[in-house]
Each structure stands twice: as C-alpha cells, then as structure tokens.
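Worksheet for the structure shown next.
The values are calculated or read from the model by the stated rules, or taken from the named source; none is laboratory data. These figures come from a predicted structure and were not determined experimentally. With ideal geometry, Cβ positions are generated from the backbone for all residues, glycine too; neighbour counts draw on all protein chains shown.
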C-alpha cells in the first residue's frame, strides 16, 4: 500500500480500474462462451451446435451483466478475508519490504520482524522493554505461529520520540504508518460505528 514498492498493486483483483475490469469481464465472457460451445458441441457433435451453444452462453452472460464477474470473484474475496487473513499483511509494503500488519478491530498490530526489516536493524533483547505493555504474542491476537506484535500507534510514537527520529528512513516509515495504516483503520472504525448507530 505504498509508492515505496514499485511492484505493489493496490487493486490486485482489478475491481477499481475500468479498463482492467472491462478486460476481466471479456475474459470471463469468453470463458463462458467456450464452455457453452464445448457443452453443446459435445452433445450435438456438430460445429453448428457448438456455435449455438457459444451464442446462447454469450447472450445469457450479457443479460446477467457484471453480476456474473462479481459472483465469480466473491469466493476470492471470501478466501482473502477469511482463510488468508493471517497473511493479509503482505499487502503492506515499505521500501520494498513486506510488512505483516494485523487489524483486530480495535488496534492495528505490526509483527516485530516487520519492524526490524523496515528499519534495517537486527533484532535485540531490549525490544520488549522498549514497547512495555504495547506488545502481544501471536496467540493473544488469535494468530497462528509464534512472534511478537507491537501496536502500530506505539511504534509511530516511538519513531517520533526516538533520538534518531530525524533519520530519513524512520521519518518515511512514520509517515507511511500514519497515512497507509492508522488513518485508513480509523476511517474503517468510524464507518463501522456509524453503521452500527444507524442500525439502532
């Protein structure tokens, strides 16, 4: 979610690009028409039947509209939000380094290994003490595996107050955390709060 990583695609499913989404629609239409041609062609054992099958499938898809593509992408969205949730942090990237970030609905947490990679510093024994009462084990956050997670807000504050706070890399990381992690999370929570309030 950062311009720091040129390989990062903020829209991996092509849902927000009109041109890419149109190409995706055409690809699915072509796939459905091919399946229609194959099915009817096998049953009728003729090229004419295959042509009719493709035409009928294409017509049905055109009548159904974009809901077909959305329906096909729905399982991918479900998988991304559910089964793949523990690895969601790979979508956060800073200076070419993938960041593991977890939002539990109340706080955003960043894996300690991601902090060390982003800052380009080795892990040290004083890490826990530096973030006293601001870290959790993976199991405490309901995540698989082992490791420490630090509140993003605590890391953001530490970067602002540390003696080397004017280090360009640390300034960029602090800006990234604020712009790409903390502010979007705050907007999501505010939207959820308003939705809950509107449902009462």
Selected residue (criterion: modelled with the lowest pLDDT) from residues of the stretch 15-33 that are out of contact with any helix residue (DSSP H, G or I) (no Cβ under 8 Å at 6 or more places or on another chain) and closer than 26 Å to residue 48 by Cβ: 26
Of residues in the stretch 62-121 being within 29 Å of residue 167 (Cα to Cα) and at pLDDT below 55, the one surrounded by the fewest Cβ atoms within 10 Å (Cβ to Cβ): 90
